[in-house]
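A short worksheet on the structure shown next.
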Amino acid sequence: MATGKLRESNRDNAGDFIGECSVTQSCEPCMKTNVSKTATVFCNNCNEYLCDTCKNPHTVYKPGRHDIVNIQDRKSVPVGVDMKGMDICPEHGKEIEFSCKDHSKLCCSKCVLIHRKCDHVEEIASASEQERPKLQALQQSMIKLQSEAEAIIADCKQSETCLNESIANISSEVDKMRDRIVQLFEEAKKKLITDATQFKSSEVQRIRINSEASLKVFEEMYKVLPICCAVLEHGTPCQQYLCSKIIQEKNNTWQSIINEHRNLKISTKVTVSFPRELSSLLEMGNKFIKLKCNGNNPGCLSSQSMPVTLELLVSVKLPKAKDDEKEPFLTGLDFLPDGRLVVVDNKNYTFIILNERLQKLGTPYKFKTPPKDVVYLPINELAVTCREIVCFLSVSSDNVTVLTREINTSFYVHSIDYMSPSNMVVSTYDDPRPVRMISVDGVESEFYNVKFPEDKTYKKDQSMCMYVQSLNMLVLTDRFANTVHIYDTVKGTSRAVTDENIQQPRGACVGPGDTVLVCSTNKNSIVHLSSDGNILGTYPVDMTYPLSICVSKNGTRLAVSNSFIGKTKLQLYKISPS
């Protein structure tokens, strides 16, 4: 084994060494760029090996004195390398002299006694010649890893800087939004006061006209009434006759004027009304602002934008029951907060409650028209779409279903989803507006900030929608375009997601971490999308043509139904982190 008195060196990328510790050294500046080039000179002042190319830049650009010598002159001097204890046995403190290949262990004179029965123990001195190529490869690998580590360190520093800057900007971003809202309120208030002043001026003018007309009648009557009284008491029959005719004519005019002004409606009080969206915002309290990040930090809003696993819990076939007129066709599903599943049977016009084993509870509710979809509303109601009607149902803890009210729509509605405490979002068909909003009171409104596909009117069963409340994100599936449209309803941005795994997308719902789960009908699978439209995973399901899908309120259960006639199914899955 070649040892000797070792010279101290702080160079991590020290050259290869063999024999009498003579050194064949690579150019160190070149090594930092992953280039292996033999050094020709050595700088005694900087303790650095250089090639001919790097010699001149070293002396010109690096400050200080530079005593440059040829590497042959330096090699003539015996060189030792301080291995910093790497050549000492950590167990016995003695010099390592042997290698046991049977146990892949380096041994000192004491260790070798333990390995004396091993078949492949040899002296390091005799085996060292064979290790040079391996050491050269390890050297290059370490240089590359060191470079990668430096890059990671730089990235981490940059990430920390960006994180600190973004956190520092949160307050100003919220302040800017607050200022915009305050400015909006001030402008709205200014306009409101202007409108109120104009309205007041108009109404006051009407009040004065009314008052002056009535005052004129009053004054005329005030003059005539004493004459009438005097004629009645002391007048001759001729005077009474004349007075009666004249007053009769005047009375008719007065009566007409009084009737006209009596029926004139004058506003004596005005109030201010605020939109339901503002009321919904107030109902959310301080939760209307949420933190969103693009990393994998568990504390971030997007922390669960990652693949999940689906474990089949229950699968039931849906044959025609004795009370059914046709084979069941479940087009709408949703979970109640207590875990019960509610479904609508489009073919048999029924609303059904199911337990965790997908068994019927209570008596199904019968509709007059075929239901399309169902959604649970936090006001403890269920909304069911039926062509041009939205029916509201209440379900008791003992599984009694009651129709509480209905609202009519001016268009055909298909799918329905919860949007806010006062609004729902619905997909349409045979209408140029593919998605609309309906309030719980039946007020219809548009997504003015969203640009839907132009010149496209969907037919029945060609598109469905859903809404991610926390992200203001609207999702619209386009069945025959094999596309999922994702819209930011606040910013007005959109993205059309197409992929070979998305074939005839139908129903969609909010998945874990505000992601999107979509039924890919012709792939017999469920596609999992991030809020940015990136595919997180695809999950085959044991059914043909999956149609409708929903996730439980705690995000741990998924229900899916299909649309294959003769083999209709309903399945329940467990959702777990991947």
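The values are calculated or read from the model by the stated rules, or taken from the named source; none is laboratory data. On a predicted model such as this, the values are computed, not experimentally measured, just so you know. Cβ: placed from backbone, ideal geometry, glycine included. Neighbour counts: every protein chain shown.
Here are the numbers:
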quantity: Residues that are surrounded by 11 or more Cβ atoms within 10 Å (Cβ to Cβ) and either hydroxyl-bearing (Ser, Thr, Tyr) or touching a Lys or Arg at 6+ places or on another chain (Cβ under 7 Å) (or both), drawn from the stretch 228-255; calculated: Tyr241, Ser244, Thr253
quantity: Val35 vs. criteria hydrophobic (A, V, I, L, M, F, W, C) and either in a strand (DSSP E or B) or closer than 24 Å to Gln146 by Cβ (or both); calculated: yes
quantity: Residue that is farthest from Thr489 (Cα to Cα) [pool: residues in the stretch 532-578 that are loosely packed, with under 14 Cβ neighbours inside 10 Å and of a type in the set (Val, Ile, Thr)]; calculated: Ile565
quantity: Odd one out for Gly555 among (1) of a type outside the set (A, V, I, L, M); (2) within 20 Å of Ser463 (Cβ to Cβ); (3) modelled with pLDDT under 95; calculated: (2)
quantity: Of residues in the stretch 427-479 being in a loop (DSSP other than H, G, I, E, B) and basic (Lys, Arg), the one farthest from Arg387 (Cα to Cα); calculated: Lys451
quantity: Test for Gln158: is it within 58 Å of the chain's Cα centre (by Cα), modelled with pLDDT under 85 and not β-branched (Val, Ile, Thr); calculated: no
quantity: Members of the stretch 561-574 that are touching a helix residue (DSSP H, G or I) at 6+ places or on another chain (Cβ under 9 Å) and either not in a strand (DSSP E or B) or not assigned by TED's automatic domain parsing to the domain that holds Thr544 (or both); calculated: Ser563
quantity: From Lys567, Lys553, Lys574, residue being farther than 30 Å from Ile289 by Cβ, under 22 Å from the mean Cα position of the chain (by Cα) and charged (D, E, K, R); calculated: Lys574
quantity: Residue count for the stretch 453-465, restricted to those that are at pLDDT 90 or above and either buried (at least 17 other Cβ atoms within 10 Å of the Cβ) or more than 22 Å from Asp373 (Cα to Cα) (or both); calculated: 5
quantity: Some residue of the stretch 132-155 being out of contact with any Cys (no Cβ under 8 Å at 6 or more places or on another chain), over 30 Å from Thr38 (Cα atoms) and not assigned by TED's automatic domain parsing to the domain that holds Glu97; calculated: yes
quantity: Output for the stretch 334-363, where each listed residue is of a type in the set (S, T, N, Q) and not in a loop (DSSP other than H, G, I, E, B); calculated: Thr350, Thr363
quantity: In the stretch 189-214, residue modelled with the lowest pLDDT [restricted to those that are exposed (fewer than 12 other Cβ atoms within 10 Å of the Cβ) and aliphatic (A, V, I, L, M)]; calculated: Val204
quantity: Qualifying residue in the stretch 274-282 (condition: in contact with a helix residue (DSSP H, G or I) (Cβ under 6 Å, 6 or more places away or on another chain) and at pLDDT below 85); calculated: yes
quantity: Whichever residue in the stretch 41-67 is assigned to a helix (DSSP H, G or I) and not hydrophobic (A, V, I, L, M, F, W, C) and, among such residues, is modelled with the lowest pLDDT; calculated: Tyr61
